[in-house]
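One structure below.
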Amino acid sequence: MKQKVVSFLVSGRGSNFKAIAEKIIAGEINAELGILISSTKDAKALDIANGFKMESFFIDPASFASRKDHEKAMVNLLKKYNTDLIVTAGYMRVLTPFFVKEYRNKIMNIHPALLPSFPGTNAQKQAFDKGVKMTGCTTHFIDEGTDTGPIIMQAAVPVLENDTIESLSARILKEEHRIFPESVKLFCYDRLTIIGNKVLIKSLQ
Ligand code: GAR
């Protein structure tokens with residue numbers, strides 16, 4: 001099996017990127033690190049990529065005439081580096097149908113809620129405010145909708161009575177750092193089959 005090249009789109013802190021990249025560097029995921037592209041100039045993720053001696057780029061959405069032009073610049077770079085899988089790790093922009101078509105079923109996202117509940121921004125706050133007893137996180141492939149694509153893995157996290165949004169988000173993040181690398185690993189070992197809106201998983205054990 002050919003080693004897959006995994007590239008990242010980020011906008012901020014980069015803790016999910018770090019969790020995945022560390023496993024690739026350690027050889028726990030048999031894949032090659034591609035590039036990291038940030039939509040914000042001072043994303044902490046850019047520093048982390050530097051620390052990993054990884055090629056990283058800030059591509060300023062504001063410097064393009066349209067969203068499509070911005071995405072074209074990203075696609076050109078991702079192709080130049082032979083990207084097989086794009087991981088959106090806290091990438092706070094919605095990808096247009098143009099980008100999704102270029103990399104259909106090859107863009108993986110994490111969302112901090114049990115989809116299809118609480119899509120969009122501030123998912124942890126949405127769950128907290130709604131008073132649900134259970135929330136969590138979801139990995140999924142990106143399609144044309146907002147957080148609607150085929151679901152890969154989910155982890156449930158209880159909402160405790162003394163939780164704050166911060167404490168709940170921290171417990172969800174811990175699960176994100178577990179299921180996101182695992183989902184990337186399954187992709188890199190060709191264990192995921194998408195049938196309609198379902199993802200079938202052939203276990204690694
Ligand atoms: C994560 O909690 C991720 O689930 C969320 O942003 C955070 C990024 O953290 N993503 C979304 O809300 C996407 N709709 P990180 O930069 O430390 O990985």
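The values are calculated or read from the model by the stated rules, or taken from the named source; none is laboratory data. Since this is a predicted model, take the numbers as computed values, not measurements. Cβ atoms come from the backbone with ideal geometry, glycine included; neighbour counts cover every protein chain shown. Accessible surface areas use protein heavy atoms only, side chains included; no ligands, DNA or RNA. Shrake-Rupley method; radii C 1.70, N 1.55, O 1.52, S 1.80 Å.
For this structure, a couple of remarks:
- Filtered residue count, segment 81-92, keeping only those that are in a loop (DSSP other than H, G, I, E, B) and either of a type in the set (Val, Ile, Thr) or open to solvent by 80 Å² or more (accessible area, probe 1.4 Å) (or both): 3
- Residues that are within 16 Å of the ligand (Cβ to nearest atom) and in contact (Cβ under 8 Å) with a residue 60 or more places away in the chain, drawn from segment 83-108: ILE86, VAL87, THR88, ALA89, GLY90, TYR91, MET92, ARG93, MET108
- Residue-level check: of (1) aliphatic (A, V, I, L, M); (2) open to solvent by less than 30 Å² (accessible area, probe 1.4 Å); (3) farther than 26 Å from THR121 by Cα, VAL157 misses just (3).
- When every residue of segment 57-76 is checked against the conditions, none turns out to be within 16 Å of the ligand (Cβ to nearest atom), surrounded by 20 or more Cβ atoms within 10 Å (Cβ to Cβ) and at pLDDT 95 or above.
- Yes/no for PHE98 being closer than 25 Å to LEU192 by Cβ and under 15 Å from the mean Cα position of the chain (by Cα): no
- The single residue among VAL184, VAL132 that is touching a residue at least 24 places away in the same chain (Cβ under 8 Å), open to solvent by less than 70 Å² (accessible area, probe 1.4 Å) and over 24 Å from GLY14 (Cα atoms) turns out to be VAL132.
- None of LYS2, LYS18, LYS53 is modelled with pLDDT of 95 or more, surrounded by fewer than 22 Cβ atoms within 10 Å (Cβ to Cβ), charged (D, E, K, R) and more than 21 Å from PRO112 (Cα to Cα) except LYS53.
- Residue check, ALA43 more than 21 Å from LYS185 (Cα to Cα), in contact with a Gly (Cβ under 6 Å, 6 or more places away or on another chain), surrounded by 15 or more Cβ atoms within 10 Å (Cβ to Cβ) and modelled with pLDDT of 95 or more: yes
- Test: ALA45 is touching a residue at least 40 places away in the same chain (Cβ under 8 Å), part of a helix (DSSP H, G or I), in contact with a His (Cβ under 9 Å, 6 or more places away or on another chain) and not basic (Lys, Arg): no
- For ILE142, the stated conditions do not hold, so it cannot be described as touching a Cys at 6+ places or on another chain (Cβ under 9 Å) and buried (at least 16 other Cβ atoms within 10 Å of the Cβ).
- Complete set of residues in segment 109-147 that are within 12 Å of the ligand (Cβ to nearest atom), outside any loop (DSSP other than H, G, I, E, B), in contact with a helix residue (DSSP H, G or I) (Cβ under 7 Å, 6 or more places away or on another chain) and of a type in the set (A, V, I, L, M, F, W, C): ILE110, CYS137
- Some residue of segment 93-104 being assigned to a helix (DSSP H, G or I), open to solvent by less than 60 Å² (accessible area, probe 1.4 Å) and polar (S, T, N, Q): no
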